[in-house]
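Novice: This is the structure I want to talk about, given as structure tokens.
The values are calculated or read from the model by the stated rules, or taken from the named source; none is laboratory data. All values derive from a computational prediction rather than experimental measurement. We place every Cβ from the backbone using ideal geometry, glycine too, and count neighbours over all the protein chains shown. Side chains are part of the model used for accessible areas, which takes the heavy atoms of the whole protein and leaves out ligands, DNA and RNA. Shrake-Rupley method; radii C 1.70, N 1.55, O 1.52, S 1.80 Å.
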Amino acid sequence: QVQLVESGGGLVQAGGSLRLSCAVSGRTFSTYTMAWFRQAPGKEREFLAQISWSGSTPYGDSVKGRLTVSRDNAKNTFNRQMNALKPGDTAVYSCAASRLARALTKLEYSYWGQGTQVTVAT
């Protein structure tokens, strides 16, 4: 069983940066592909980025160039740094875990955190 808990959300000014973390329980964290998704009100859940056990990191088009993800297998954490935030980035951000080596859609993820709200003010 894998449990994920996000932290670091909040209110940030447009143009600012925000780092989110995802703490993962379980001894096999290093074997999972991890991803960040977000869901804005009235919109579908959107894939942002994944990082596999090998470190490969495909990014979604909407955040490419502004988002960096990383993982620390020794600490069972998965992190996300996003820069140049815009009001359109306001959403609930969730981390997720998959057994697949490459997983770019929400249906491919079996484990989810509860999500953390990020609000970008103008």
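Novice: Tell me, please, whether a residue that is of a type in the set (A, V, I, L, M, F, W, C), out of contact with any helix residue (DSSP H, G or I) (no Cβ under 7 Å at 6 or more places or on another chain) and at positive phi can be found in the range 69-87.
Specialist: Yes, the range 69-87 contains at least one residue that is of a type in the set (A, V, I, L, M, F, W, C), out of contact with any helix residue (DSSP H, G or I) (no Cβ under 7 Å at 6 or more places or on another chain) and at positive phi.
Novice: Exactly one of these conditions fails for Asn73: (1) modelled with pLDDT under 95; (2) open to solvent by less than 20 Å² (accessible area, probe 1.4 Å). Give me its number.
Specialist: (2)
Novice: Same structure, new question: Give the number of residues within the range 76-91 that are open to solvent by 10 Å² or more (accessible area, probe 1.4 Å) and of a type in the set (D, E, K, R).
Specialist: Taking the range 76-91 and keeping what is open to solvent by 10 Å² or more (accessible area, probe 1.4 Å), we get 76-77, 79, 81, 83-84, 86-88, 90.
Still in the list and also of a type in the set (D, E, K, R): 86.
Final tally of qualifying residues: 1.
Novice: Can you name the condition, by its number, that Phe47 falls short on among (1) without any contact (Cβ under 8 Å) to a residue 40 or more places away in the chain; (2) within 20 Å of Glu108 (Cα to Cα)?
Specialist: (1)
Novice: Moving on. Restricting the search to the range 27-49, which residues are of a type outside the set (D, E, K, R) and touching a Phe, Trp or Tyr at 6+ places or on another chain (Cβ under 8 Å)?
Specialist: Passing the criteria: Ser30, Thr31, Tyr32, Thr33, Met34, Ala35, Trp36, Phe37, Phe47, Leu48, Ala49.
Novice: Another question about this same structure. Only one of these is touching a strand residue (DSSP E or B) at 6+ places or on another chain (Cβ under 9 Å) and open to solvent by less than 60 Å² (accessible area, probe 1.4 Å): Ser94, Ser110. Name it.
Specialist: None of the other options fit; the residue is Ser94.
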